[in-house]
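For reference, the structure discussed in these notes is given below.
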Amino acid sequence: MASVPDAALAAADPRVLALAAQVTESREQDIPLLLLKLKGILSNTSLGCEESKKIKQDIYDYDLTQYCMLVLRQDHSQLPGGWATAAQLAEILSHCCVGLEVKGDPEEFYKKFLPSAIDNLLFLGRRLQARFIRAIKDGKKQDFLRWFRTVTDAICWLFGGHIQLTACVLQNDHFLQLLITDDVETAIVTMSVLHNILRVNSSVLLQVDEETLHSVLDELVYKLSSTTNPVIGTAAIKLLLLVAKFCKQLAKLLTARYKGLKSLLSKQWTGKGFDKDLSQLLDLLYLEQSNGKGEIQGQHQAACIIQATWRGYQTRKKLKKLPQAVTALQRSFRAKREQDLQHLKQKEDEALKVQMQLQRQRAMRHFHERQLAVLEIIHASQVNKYLEETEGKSALTIQRFWRGYRARRNFHQQRRSLKEYKAAVIIQRAVCKLLEKRRSRRPVLPWKDPKGLTDEQRAALQQKVDDYIKLHPASQMSEEMSKELHMQAQEKLARFLLRSRLDQRATQRRETLLAQVNTDAELLTNSPGLAETTEKDLCVFVSRSIPVATKARESHNTMLKYMCWPWWKKLGEEFMEGDVIPDDALNAELGTLFIAGKKSS
């Protein structure tokens, strides 16, 4: 918020103060709906009275108009209220600026704030125009057209209150983009804005730069030549009539820049229902053309003389520079020939690259054909073995390249660390030498015996010790406290011995379980094969617990799935995917089984 004097703060409207506080403390997406309350505050006061001016001054002092201007730049399709809120904020902004007499810093208001407000309003108008053109449903199109008209009315109201903004509107790129459109309805609204600009400030076309003036006139003439819509024609002809009536200079510009305009107007737009305006425009153009014929004839003769003189001068100049021209021609010819040779060489190199690529493709195709021929010759029972050998060789090749790349990467990393280590060793060696030199240069001081205490100092120190003993006598423990302390020590010793016995039992149990695991492992190792197993041998390894059997079955299925994976999933840690189960997980699965009817861990 802008700095506001205390006196102004005390005299400010309480509604404006409350709204400013809400806007400051609210979230960004809630600000547009809060700013709509300004419409109710402004509508309660009569237009032009002192109370209205005071409220507008308070709104400007508390930066609410600045908030309105900044909100117009946002994308209102995602905000509460949508584009209807944006159109209402545009109307509120124009009403807040018209009739406002800034007291603090008028230069900033007139030279910075008002042009920025015009730019944001025109930017909002372009967004609404684009969404109106893209809309498919009739109801949606009518809503966007209504909001677009509201924004253009706000622009007209704003430059109607501040005439100097008419030049800003004409020179703004967004206004030219609004005018240059093929849509009939938005084009008519934009042309009505241009008509209001000329009606409010008829001399604005002489204030803008030549490029802007030509752009506006070119678009009006283009609309007359590219369409047969009578509404577009009426608006364009009225605008050109205003331009021609205002200044002879502009009428002369129309006749000189658009030579076929009179024939276009008379042939294409006669009898369309607006012949009165059309005849006035044609009369002005014919009058300007008849007045300029004499001037044109004199200018034509003067131009002929100037051209003849200039051609003679140029011919004499060329004759003097003829030898230099021949040299320049030869130089350019040689440069062109060198460029052609380089281009030809580049084409040959490209052709050679294409030929080498084709040869590689043919060699690869020939290799695949031979491989297929070998597969056709090999017996069906040997195909899998051949494919496994090919996959193994491919895997070895991939692993070899990967290990080489990893070793080179690690070597580069280690080489950098080695350099840093060597540099640290060199620095440390130099520092040690420097410190050794400093120690050798430092003189050795002779030994000095500590000074002894005198009799007076010894007596004073003994006196201090005696005083301290008197002030802090030693505490004596009673017999009951000694017994109680002895009992506590005995209890702690008993707890310690009990805990040590429990630890010893746990150690014995772990050793027993470890011996049992070793026994079960030996039994499993010496067990017969599946082909030689009998029911008696099978009963030794089958558990009577259903959860244990289920866990064993899941672990067995996990191991089988791991064994059936393709070769490329078993290359190493770098190529393992998310569904691969590491060896630690497999060991953990197998470690929870019951072997020989007893739990192994």
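Observations on the model:
- Solvent-accessible surface (1.4 Å probe) assigned to residue 487 amounts to roughly 110 Å².
- Helical segments meeting 27 Å axial Cα length and Kyte-Doolittle -1.0 threshold in the chain (DSSP H): 114-134, 138-161, 275-320, 322-377, 479-525
- Label zone of residue 390 (point 7 Å out along Cα→Cβ, amide N under 19 Å): in segment 345-380 this covers 361-380.
- Theoretical ellipticity at 222 nm over the chain - DSSP helices of four or more residues, -39500 (n - 2.57) apiece, nearest 500: -26000 deg cm²/dmol
- Of 112/245; 54/112; 141/223, those spanning more than 25 Å from alpha-carbon to alpha-carbon: 112/245
- The candidates 152, 533, 270, arranged from most to least accessible area with a 1.4 Å probe in the full protein assembly, appear as 270, 533, 152.
- Loop sites in segment 313-368: trypsin sites (Lys or Arg not before Pro), DSSP, at most 13 other Cβ within 10 Å: 321
- The chain - percent of accessible surface contributed by carbon and sulfur, probe 1.4 Å: 57
- Each part gets one Cα centre, and for segment 484-517 versus segment 316-367 those centres are 96 Å apart.
- Put 267, 276 in order of accessible area, highest first, and with a 1.4 Å probe you get 267, 276.
- Gain upon complete extension [residue 173, residue 301; 0.36 nm per residue less C-alpha separation]: 42.0 nm
- Longest exposed-site-free window of the chain, the sites being GluC sites (Glu not before Pro) in a DSSP loop that have at most 11 other C-beta atoms within 10 Å: 102-531
- Environment charge of residue 119, counting only residues whose C-beta is closer than 12 Å and scoring Lys/Arg +1, Asp/Glu -1: +2
- From the coordinates shown, Cα extents along the principal axes in Å corresponds to which of (i) 86, 65, 55; (ii) 132, 108, 80; (iii) 88, 51, 47: (ii)
- A Förster radius of 51 Å combined with the Cβ-Cβ distance from residue 466 to residue 438 puts the calculated FRET efficiency at roughly 0.55.
- Per residue accessible area of the chain, 1.4 Å probe, in Å²: 71
The values are calculated or read from the model by the stated rules, or taken from the named source; none is laboratory data. Everything quoted here is computed from the prediction, not taken from an experiment. Every residue, glycine among them, receives a Cβ derived from its backbone with ideal geometry; neighbour counts consider all protein chains shown. Note: areas computed on protein heavy atoms with side chains; ligands, DNA, RNA excluded. Shrake-Rupley method; radii C 1.70, N 1.55, O 1.52, S 1.80 Å.
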